[in-house]
1. Of V455, V351, which has the most accessible area with a 1.4 Å probe, and how do the rest follow in descending order?
2. Taking the chain as the reference, fit the longest principal axis to its C-alpha atoms, fit the long axis of helix 280-293 to the helix C-alpha atoms, and give the angle between the two in degrees, 0 to 90, nearest 10.
3. Would you calculate, for the chain, the mean residue ellipticity at 222 nm contributed by helices, counting each DSSP H stretch of 4 or more residues as -39,500 (n - 2.57) and dividing by all residues, to the nearest 500?
4. As I understand it, the value is the acute angle between the Cα axis of helix 403-431 and the longest principal axis of the Cα atoms of the chain; what does it come to in degrees, rounded to 10?
5. Can you tell me the relative contact order of the chain? Whole percent, Cα pairs under 8 Å, sequence separation 6 or more.
6. In sequence order, what are the phi-derived ³J(HN,Hα) couplings for segment 7-17 according to the Karplus relation 6.51 cos²θ - 1.76 cosθ + 1.60 with θ = phi - 60°, rounded to whole Hz, with x for glycine and proline?
7. Using only the alpha carbons of segment 291-383, determine the length spanned along each of the three principal axes and report them from longest to shortest in whole angstroms.
8. For segment 254-270, take each phi angle, set θ = phi - 60°, evaluate the Karplus expression 6.51 cos²θ - 1.76 cosθ + 1.60, and give the result in whole Hz per residue in order, putting x for glycine and proline.
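The values are calculated or read from the model by the stated rules, or taken from the named source; none is laboratory data. Given the structure is predicted, the values throughout are model-derived calculations rather than measurements. Every residue, glycine as well, gets a Cβ built from its backbone with ideal geometry; the counts of neighbours run over all protein chains shown. SASA here: full protein model, heavy atoms, side chains in, ligands and nucleic acids out. Shrake-Rupley method; radii C 1.70, N 1.55, O 1.52, S 1.80 Å.
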Amino acid sequence: MPAVNFRIYVTAFTACVGGLLFGYDTGFIGSAVQMESFQRDYGMNAKNSANVKSNVVATLQAGCFFGTIAMSFITVRFGRKRGMAVCSLIFCIGAILQFVVPGSRALLYTGRAISGLGVGGASMLTPTYLSEVAPREIRGKLGTAYGCSIFFGVMISYWIDYGCQQSLDPNGPNQYRVPMALQLVPGALLFFGSVVLKESPRWLIKVGRKEEGFNSLCYVRAATPDDPVVQQEFQDICAAIEQEVYESEGASIKELWEKKNRVRVAIGFIVMVCQQFGGTNALTYYAPLLFEEVGLSGTSSSLFATGIYGVVKTVASLIFMFVFAERMGRRLPLFIGATGMFVCFLIVAIVLAACPVDPNAPSISSASIAMMVFIYFFCICYAMSWGPIPFTYVSEIYPTRIRDYCVAMGLATQWAFNYCISRIVPIAMANIGWRTFLMFSIFNAAIAVFVFFVVRETRGVALEQMDDIFSVGFVMPPREWTMKRPKTFKIDEELEMQLEKAVDEKRDGLHMEDKTDNVSSVTK
């Protein structure tokens with residue numbers, strides 16, 4: 001039985017529609033609010049423009065925050081497959097409310113918040129599902145593929161906005177209503193995809209539905225029930241789940257603050273905050289606004305530049321996934337990325353302060369071109385560091401007992417500070433101008449310092465060794481500050497013997513009769 005087969009790629013592609021949903025919905029609105037037709041129909045003017053823009057974007061993040069938390073409880077009881085269907089239906093209801101009555105701010109805000117519930121739930125659920133069905137040989141790539149699908153959704157939304165702005169009548173509402181209506185496409189695809197997807201084998205086994213779990217595992221592995229490899233994997237999953245249940249029995253959220261855990265909890269929390277305050281979502285949501293700020297006059301030019309930004313981001317993330325994801329580790333890309341983003345935003349701030357944009361200039365200036373180039377360089381730095389890595393990092397540093405709590409907290413943190421950034425940016429651009437870029441530059445300088453002194457390298461580190469590398473306090477000792485290419489850590493012989501002994505004892509504890517029932521009952 002091949003571990004990697006065509007069926008698993010189809011399954012992963014279908015699940016990644018959740019990332020497309022996430023990317024499209026977060027990307028299209030920033031360009032839509034820059035259209036004159038949108039501003040006219042929703043009563044935007046010089047006084048309320050910044051506030052309306054931030055409200056339109058931020059209501060989605062508020063919904064995402066609560067959707068992430070709610071779905072973490074729903075999926076435990078009802079499964080991944082049903083959870084994805086619920087997310088898609090909620091999202092589609094919100095999407096319909098957004099475009100059904102043009103010009104109604106109340107319906108627009110309500111629809112964005114409801115859509116956010118679906119997007120937030122899918123952002124938590126889709127990576128979980130992928131990690132549970134993926135063969136270990138390609139689990140890392142499929143996790144990165146989810147991030148790429150988000151960037152792809154953002155890119156598609158930018159170009160759809162640009163096409164609608166160029167080809168549809170600006171005197172009517174269709175320029176912005178068409179991109180709003182097209183939200184239903186990824187929403188419907190996720191719903192129908194969840195119907196045809198097989199339920200997660202791991203979840204089925206965890207809730208005691210072992211026969212269904214075995215059949216689902218056979219399907220995604222393209223194997224027959226009598227295949228010895230899939231039978232062994234099934235037994236391994238059963239043993240692993242029993243071990244997890246044993247280790248997490250009685251776990252409580254209070255354990256996050258225990259001395260042995262709080263360093264990791266603090267680092268994971270700060271990593272997710274840094275991801276948001278690096279400035280990428282300022283560009284994702286308000287790229288046309290920022291491009292106009294640096295000298296691209298006219299909605300058409302700023303939307304075109306935004307589309308190019310989406311292409312650069314997607315291509316850079318694909319290069320990272322296929323070339324660098326498992327070669328550079330975690331610490332080095334995060335440090336290089338933060339340093340690069342600091343330099344890019346600093347240069348943009350300096351150039352914009354020294355060469356203010358002349359709105360009456362007949363053509364774009366060389367200063368504006370230089371600022372655009374460094375914005376694109378910023379995009380590359382982010383897509384190859386702080387875009388994909390934080391999600392991987394926060395999922396691997398925590399102990400088993402509190403991992404579920406910590407991962408949920410990380411995702412909720414992301415959306416909470418995502419909300420903050422979406423509220424701050426348009427107001428900051430209207431009031432402090434070029435200092436907005438300086439603000440993000442300072443944030444990234446602080447992030448680089450944090451990585452250098454605090455963030456541990458976890459590439460090649462066994463989960464059993466995480467306690468050791470996080471037990472030295474919040475700040476690492478000087479000997480760990482090196483930025484050399486990460487080594488692959490190996491468990492020492494004594495620890496390896498202890499682990500083997502524990503596994504043997506666990507397997508001996510499973511009665512032979514139960515083992516036989518697990519496989520024979522599902523292979524009848």
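1. V351, V455
2. 10
3. That calculation yields -24500 deg cm²/dmol at 222 nm.
4. 0
5. 21
6. 5, 5, 5, 5, 4, 5, 4, 5, 5, 5, 4
7. 49, 26, 14
8. My calculation for segment 254-270 gives 5, 5, 4, 9, 5, 4, 6, 10, 5, 5, 5, 4, 5, 5, x, 4, 5 Hz in order.
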